[in-house]
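The structure appears below as structure tokens.
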Amino acid sequence: MLLALAGVTGVGKSYYKDKLVERLGFEKVKIITTREPREGEKNNEDKIFVSPRELQDLRDSGKIAYEFDLLGNTYAYTYEALHCDKNTVFELHYDTIFDFKKVCPHLCVIYFFPKDIEVAKGKTRQRHLAPTVEQDRLLEIDEHYKRITTDENLRNQFDYFLYNDYDQVSEDAFLDLVRRLLEEEKKE
């Protein structure tokens, strides 16, 4: 199963991705990015940090399945990462879903709504990003939230919706949904 988690910055996508690895044996799909690592990030764990030249070499060798630009950096996924036989999970930027579903029609996407958008903004502020980056992220949260709540065509691209109240009830609902999806996949 290829599973993507989507939602505004600060909604808990990384947390839930880690829970799937820890509790249900999923593997993380590593995104390639030209952005600099944040404090505490290690190359080749969640992300693969590359120079623009290294990314171009991957393109030239035909390994890139999908790429997009976000907040001044390029992000990419390889064919190998998106089309394997393992249970894998990654975070999906909402704005890329239309093109992503063309590349990966088998993709299942869970969208997280925060019960309170201000909590998601607070979580973003706790990341201690550079002031301009933080401001861009906070503005993007507002833009993203407005778009997902008003654009029915966009909402229709997602397979499941869950609310995250940053509590055990939310976590249990998420893990229960994924367990059900895995069971349904076994029956097919």
**Prompt:** Ala65 fails exactly one of the following numbered conditions: (1) at pLDDT 95 or above; (2) within 22 Å of Tyr94 (Cα to Cα). What is the number of that condition?
**Reply:** (1)
**Request:** Give Leu92, Leu70, Leu82 a once-over and let me know the one that is within 19 Å of Phe26 (Cβ to Cβ) and either in contact with a Cys (Cβ under 6 Å, 6 or more places away or on another chain) or modelled with pLDDT under 90 (or both).
**Result:** Leu82
**Prompt:** Of these, Phe158, Phe174, which one is modelled with pLDDT of 95 or more, within 19 Å of Leu107 (Cα to Cα) and not in a helix (DSSP H, G or I)?
**Reply:** Phe158
**Asked** Given the residues Arg147, Arg137, which is the only one that is within 30 Å of Tyr79 (Cβ to Cβ), at pLDDT below 90 and not aromatic (Phe, Trp, Tyr)?
**Response** Arg137
**Message:** Which count do you get for residues in segment 34-87 that are part of a loop (DSSP other than H, G, I, E, B) and hydroxyl-bearing (Ser, Thr, Tyr)?
**Reply:** 3
**Asked** How about segment 42-94: which of its residues are on the phi > 0 side of the Ramachandran plot and of a type in the set (A, V, I, L, M, F, W, C)?
**Response** Leu71
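The values are calculated or read from the model by the stated rules, or taken from the named source; none is laboratory data. Just so we're clear, the structure is a prediction, and the values are computed from it rather than from any experiment. Every residue, glycine among them, receives a Cβ derived from its backbone with ideal geometry; neighbour counts consider all protein chains shown.
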